[in-house]
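The values are calculated or read from the model by the stated rules, or taken from the named source; none is laboratory data. A quick note: this is a predicted structure, and the numbers were derived from the prediction, not measured. Cβ: placed from backbone, ideal geometry, glycine included. Neighbour counts: every protein chain shown. Ligands, DNA and RNA are stripped out before the accessible areas are found, and what is left, the full protein with its side chains, is counted by its heavy atoms. Shrake-Rupley method; radii C 1.70, N 1.55, O 1.52, S 1.80 Å.
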Amino acid sequence: MGPMIADDITPVFLINGFLEAGKTEFLTFTMEQEYFQTEGKTLLIVCEEGDTEYDQELLDETRTSIVYVEEFEQISPERLTELELLYNPERVLIEWNGMWNQDDLKLPTDWMIYQQITIVDMSTFELYVKNMKSLLAAMVRNSELIICNRCDGIDELERYKRMLKSMNTKCEIVFEDENGEIDELSEEDLPYDLNAEVVEIRPEAYGIWYIDCMDKPERYVGKVVEFVAMVLKSPEFPKNYFVPGRMAMTCCAEDMTFLGYICKAKEARNLETRQWVKVRARIALEFWKDYHGEGPVLYAEQVIPAEEIAEVVQFG
């Protein structure tokens, strides 16, 4: 769960996803659980009415008041403060409307998002990725947990997982079919040979490698990889360290991010930011402060100048 909450802060649990993704079912299930019970009152703000309705008996039992919001303008900080005065809740649950850009949500100063969960219907995922990627990215960006339901018969799950991870590298992703949680996704053929003496990561495979290495680092420990990347240096790095990485577009042209892992190299002192290099390095899994925990750390065997790669990273 999220951080500790001060007494004067109203914690907000935000559940988002597109219409009919299963948000109401998820919230109903959660409200029924013993661990989610609380002494005080709960305010449930529903930003779109789907096909599933909340059970009045459950609302009464859990001391939950429900408020429906039809227009985005009705969810201003002023209006939310009014609702807080009216209902005096100990906590707030928000079922978010997937067609509203979540980046526009402004909460009262004494409200804090404590936990955010995204529900994704995988049977319509491709459609939303093609047509509403920026809305999807805004929903996913700050979620701690993404629950991908209705995965039955979908064989693109590994690719979809990478797309979601590219929008939020820190979240946990759970896949479910009609029988419940899917434990381990079938490992599809990666576009490089992990058993090779030197694993060559071609430019078009960089995004796949970056996400997979973060997701399943144990696969890569001790492997030697070779790839072309741009140099990033910072006075904050210890000497002999730099980050080789590439620019990636996680959802739209405005949303560019630099993806790379810290690398120790004797050549680092002679490198300059924005220079392009070919790196051959052995991968370790170690604590690194910028990772806030363990993550891939590269130990370079060779760093030589290389031609610039003009294309941005793709995750397909």
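With runs of 4+ DSSP H residues as the only contributors, calculate the mean residue ellipticity of the chain at 222 nm using -39,500 (n - 2.57) per run, divided by the residue total and rounded to the nearest 500. That calculation yields -5500 deg cm²/dmol at 222 nm. Between the amide H of CYS148 and those of VAL120, VAL174, PHE175, GLU176, distances stay under 5 Å, these residues lying 5 or more places away or on another chain, with hydrogens modeled in the peptide plane.
Ligands, DNA and RNA are left out, and with a 1.4 angstrom probe the accessible area of the stretch 88-240 is 47 Å² per residue. Using the Cα coordinates of the stretch 58-123, the gyration tensor eigenvalues translate into equivalent-ellipsoid semi-axes of 20, 17, 12 Å, sorted from longest to shortest. With a 1.4 Å probe and every protein chain kept in, tell me what percent of the accessible surface of the chain is carbon plus sulfur. For the chain, the apolar C and S fraction of the accessible surface comes to 47 percent. Reducing the stretch 77-101 and the stretch 198-236 to their Cα centroids gives an inter-centroid distance of 42 Å. Subtracting the Cα-Cα distance of ASN270 and GLN74 from their residue separation scaled by 0.36 nm leaves 64.9 nm.
Normalised by 2.2 N^0.38 Å, where N counts its residues, the alpha-carbon radius of gyration of the stretch 190-316 equals 0.98. Between the stretch 22-58 and the stretch 278-316, the C-alpha centres lie 44 angstrom from each other. Using the empirical formula 2.2 N^0.38 Å as the baseline, the Cα radius of gyration of the stretch 105-257 reaches a ratio of 1.19. Here the chain has an Rg and Dmax of 22.5, 69 Å, counting Cα atoms alone.
Building the convex hull from the alpha-carbon atoms of the stretch 124-170 and averaging its projection over directions returns 3.2 nm². Between amide H atoms placed 1.01 Å from N, distances below 5 Å from ASN240 occur with ARG269, all of them 5 or more places distant or on a separate chain.
Distant-in-sequence amide contacts of THR10, defined by a placed amide H-H separation under 5 Å and a gap of 5 or more residues or a different chain, comprise TRP111, MET112. Maximal additional length on extending the THR28-ILE304 stretch stands at 93.7 nm, based on 0.36 nm per residue less the C-alpha distance.
With one equal scatterer per alpha carbon and no solvent term, the Debye-computed log10 I(q)/I(0) for the stretch 134-215 at 0.13, 0.27 1/Å reads -0.47, -1.37.
Relative contact order of the chain: 14 percent, from C-alpha pairs under 8 Å at least 6 residues apart in sequence. To the nearest 20 Debye, how big is the dipole of the stretch 122-169 about its Cα centre, given +1 on the beta carbon of each Lys and Arg and -1 on that of each Asp and Glu? Taking the Cα centre of the stretch 122-169 as origin, the dipole is about 240 debye. Here the extension length gained between THR81 and GLU156 equals 22.7 nm, from 0.36 nm per residue of separation less the Cα-Cα distance. Using θ = phi - 60° in the Karplus curve 6.51 cos²θ - 1.76 cosθ + 1.60, the 3J(HN,Hα) couplings for the stretch 155-163 round to 9, 9, 4, 4, 5, 5, 4, 5, 4 Hz; x is entered for Gly and Pro.
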